[in-house]
Structures are given as structure tokens and as C-alpha cells.
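The values are calculated or read from the model by the stated rules, or taken from the named source; none is laboratory data. All values derive from a computational prediction rather than experimental measurement. Ideal geometry is used to build each Cβ from the backbone, glycine not excepted, and the neighbour counts take in all protein chains shown.
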Amino acid sequence: MRLEESRRGALGRIGTSWPVIIGFAIVVIIWQWTITATGVPAVVLPSVPEVFDAFIGLVTTASFWNGVAVSILEFVVGFLIGTVGGIIVGLVLTAMPRLEVALSPVIEMLRFIVPFAWIPLTILWFGTSIGGKIFLVTYAVFFVMLISTSDAIRNVDATLLRVATMLGMSRWQSLFRIQFRAAVSSILSSSRAAAGLGWIAVVAAEYVGSSAGLGYIIINASSSLDTAVVIAVMIVIGIVGAIVSWLIGRIASSNASHSA
């Protein structure tokens, strides 16, 4: 019985992988057809084999892996700071309505200033050090987590609040022991969007103010018109971002199943 179930599971995984394979195949076919049909030069759009060769050349160098490590480090530190800070501030503002009313105009103004607008200032403040990229990731993540935390807390079932009141809990006890626990799954789901913004912010910041990282590799390659390397690194950026999103999704799903 278990053997039969494992076979079905394996067949199911194979079945769900076919659309992904077909999707990539379609992209490759269109890519190669465009080059053949238009005769576009390699400096504008290199072929798939050229990009693959560039990718192999990259992964065999220590500088590439150092760039990957730097970008991931900047992202992880900024993401953690922004997530924790956004959740804490979101909880505090939800518990203190008057403070929320006072700060709402400032929060609304700041959250609509895109992280890229801060790049000139971060270069002045931090130079090309890692601190500037961490600041931008933190900024990008913070407001997403703040708003999502506030919304998740407000959407907690009112029955739970009545139970907390019946148990004699204070406002803060109810917030952390009842409301926050009930809202964790929703907050974790929102963190996927925050992670996407944070990853975009760190790579974009490396384009203009960095001495290492994936964005820095792209700038160096573009300055020498090595378009194959540019596209290869872009693919790596997409892969890392997809992995981060998948990991956060798994954590959110695991928490949801445990809560259920």
C-alpha cells in the first residue's frame, strides 16, 4: 500500500513538472527564433548556447560566488531587520490607536517613496559599503510588514477577542497571546511580497553604489558589452529570488498546517 502511494506521489510530481519544462522550452524556442529571424547581433541579444557558456564560466570563478554571497547576506540581514521591525511597530500601533493616528500621515508618505529614490542618499551616507544595501532592503521590507501586520491583527476573529476579555487578559496580553498568534499565517504570507521587494532593492542598489554583489557583476559586464554574462547573472538573480519566495512559502504553509 505504501509502495503504491509512493509511486503515485512520484508520478504526480513528474506530471506537475511537465508544464514547467514546456514553459522553459517555449521561452528558449522564441529566444532562438528571434535571433534567427531578425539577425540581431550577439551584443544585443546573445544566443542560448552563448549565455549557457557564460553561465558555466561564471560558476567556475570565486568572484561570482563571492558576489552571490554578498547579495544574499545584504538581503537576509535587511529582510530580518525590516520584518522584525515592521511586525513590532505594526503591533504597537494597532494597540495604541492614538499613536497610530499621529504617525499615519508620516507612514503613508514614507511608504510611497520607492527604495530606489534613497540610493543617492545611501551612497552619501554609507558609500559603497554593505550598510547602504542593508538599509534599502530594510526600508523596502519594513513598510510592507508594518501594513500587513496591522491589517492581519484587525482581521482577527472578534470571537477570539471576546474570549480574551472573558479570561481577564489585558490589551497587551490579548495582542501577543491571542491576536498575534491568530495573525501569524497571514503575516508570513505577506512576507513573500516583502522579500520580493527586498531582493529587487538590493540588486538595484548594487548597480550604482557597490564594490561587490550580483548587481556589481552586471555593471562590470555591461561596461565591456558582455551581454551574455549580463543575461546569465539576470537568470541567477531570478533563480535566487524564486528560491527565497519558495522557502518563505513553505514556512508559511507549514505554520498554517500546524495552526490548523
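Among residues belonging to the range 92-115 that are out of contact with any helix residue (DSSP H, G or I) (no Cβ under 7 Å at 6 or more places or on another chain) and of a type in the set (Gly, Ala, Ser), point out the one that is farthest from LEU197 (Cα to Cα). The selected residue is ALA102. For the residues ALA69, ALA62, ALA54, ALA117, the requirement of being in the same structural domain as VAL230 (by TED's automatic domain parsing) and over 22 Å from ILE243 (Cβ atoms) singles out ALA117.
Within the range 94-135, track down each residue that is part of a loop (DSSP other than H, G, I, E, B) and among the aliphatic types (A, V, I, L, M). If you could, list the steps in order and put the result at the bottom.
Looking only at the range 94-135, we keep the residues that are part of a loop (DSSP other than H, G, I, E, B), and these are 96, 112-114, 127-129.
Answer for the range 94-135, where residues must be part of a loop (DSSP other than H, G, I, E, B) and among the aliphatic types (A, V, I, L, M): MET96, ILE113, VAL114.
Please determine, by comparing only the residues of the range 110-147 that are among the small types (Gly, Ala, Ser) and at pLDDT below 90, which one is farthest from the chain's Cα centre (by Cα). Spell out the reasoning first.
First, the residues of the range 110-147 that are among the small types (Gly, Ala, Ser): 117, 127, 129, 131-132, 140.
Within this subset, residues satisfying the condition of being at pLDDT below 90 are 117, 127, 129, 131-132.
Values: ALA117: 19, GLY127: 24, SER129: 21, GLY131: 18, GLY132: 17 Å.
For the range 110-147, the residue satisfying everything is GLY127.
With respect to VAL230, is the statement that it is within 20 Å of the chain's Cα centre (by Cα) and in a helix (DSSP H, G or I) true? Here the answer is no, as VAL230 does not meet what is asked.
Which of the following residues is of a type outside the set (Val, Ile, Thr), at pLDDT below 90, closer than 27 Å to ILE235 by Cα and in contact with a Leu (Cβ under 9 Å, 6 or more places away or on another chain): GLY23, GLY78, GLY67, GLY39?
On the way: GLY23 fails: in contact with a Leu (Cβ under 9 Å, 6 or more places away or on another chain); GLY78 fails: at pLDDT below 90; GLY39 fails: in contact with a Leu (Cβ under 9 Å, 6 or more places away or on another chain).
That would be GLY67, the only listed residue that is of a type outside the set (Val, Ile, Thr), at pLDDT below 90, closer than 27 Å to ILE235 by Cα and in contact with a Leu (Cβ under 9 Å, 6 or more places away or on another chain).
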